[in-house]
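I have a structure here, written as structure tokens, and I will follow up with some questions on it.
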Amino acid sequence: MGAWVANIDYDLDSWMGSLSSLLKNKKLSEIVIPGTHNSGSYPISIGSRQTGEMLDLSEFTNGGPINPRLLHLIKTVGPGWAKCQEHSIVDQLKMGNRYLDLRVFCDEQTDEYYLEHYFIGSNLTDELMRIAQFLNSHVEEVVILDMRSVQNCSDSLVIRLMEKIGKVFEEKLAHPPSVTDSLPTYGQLVAEGTTVVVALNYSLSKDDVFQGFDWLWDSKAHMIDPFANTVKKEVLKKFYHRQNLRTSTTQITICFADHFNSNPSRNCSWIDWLWRC
């Protein structure tokens, strides 16, 4: 199927809409979703605020102070390692990526939410508004926002973030299937106008259920992990067989673009791997 699908004309920023006649009956579990790793890390640079310990240096210091030269090396080399993307999230979407790997950091002093990868990246509130604007002009594109980690956040701040997400996307939020149901089809989501899948990896300290957020997906339950970290079709095939994913109906398979390169079209004819082999 992939060989002739690749010959259909499509624009990367609206490839789902361009292929809607072929995708409409495909469940999300039957489509390989191109995405980016640490999507909000693109602004990270030397001088960016550090959010956590990059390395456990205790074995090198015997419990003593860290050598200033080593600390300087971490602060100068670390941001280059932590920066996984060079394009903004909106540009990542325009390049065809439909899965965003969001690592959330709460600044309790300012009550602001950021995306991070050991260092502060972009402002999450701003990114949510930009994603909403993209979807307003791309009504046939389905986007997955996967908050795979939440750092430095209290339960109240996480709940407030969910309230913020609910206000930004409102009726666009797709509801997860029940435990026994398979995932919805692309056509169902577009027809209902629910083109945003929001997943979260977080448990409240007192209550595992997020009351009032029935649109929230479980990151661990619905996202394949480990990811198919490749844009090469043959490697992807081997990944499927090794992970025994061919019969999964309840999880979404993600294929990450290469480090610093969020545009899959530069690496291969990636429409070839939209469907499971």
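Readers should treat all values here as calculations from the given coordinates under stated rules, not as data from a laboratory. Quick caveat: nothing in here was measured; it's all calculated off a predicted structure. With ideal geometry, Cβ positions are generated from the backbone for all residues, glycine too; neighbour counts draw on all protein chains shown.
Note down the relative contact order for the stretch 71-208 as a percent, whole number, built from C-alpha pairs under 8 angstrom at least six residues apart.
This gives 25 percent for the stretch 71-208.
Give, to the nearest whole percent, the P(r) tail of the stretch 103-182 beyond 22 angstrom, counting all Cα pairs.
Taking all Cα-Cα pairs of the stretch 103-182, the fraction more than 22 Å apart is 31 percent.
Using the beta-carbon distance between K24 and N136 and R0 = 25 Å, what value does 1/(1 + (r/R0)^6) give for FRET efficiency, to the nearest 0.05?
0.70
When you count, for each residue, the other Cβ atoms within 10 Å and take the mean per peptide, how do 26-38, 139-151 rank with the highest first?
26-38, 139-151
Among 190-202, 115-127, what's the highest-first ranking by average C-beta atoms within 10 angstrom per residue?
Top of the packing list down: 115-127, 190-202.
What net charge do the residues around I89 carry, taking every other residue with its C-beta under 11 Å from that of I89, with Lys and Arg at +1 and Asp and Glu at -1?
Its environment carries a net charge of -2.
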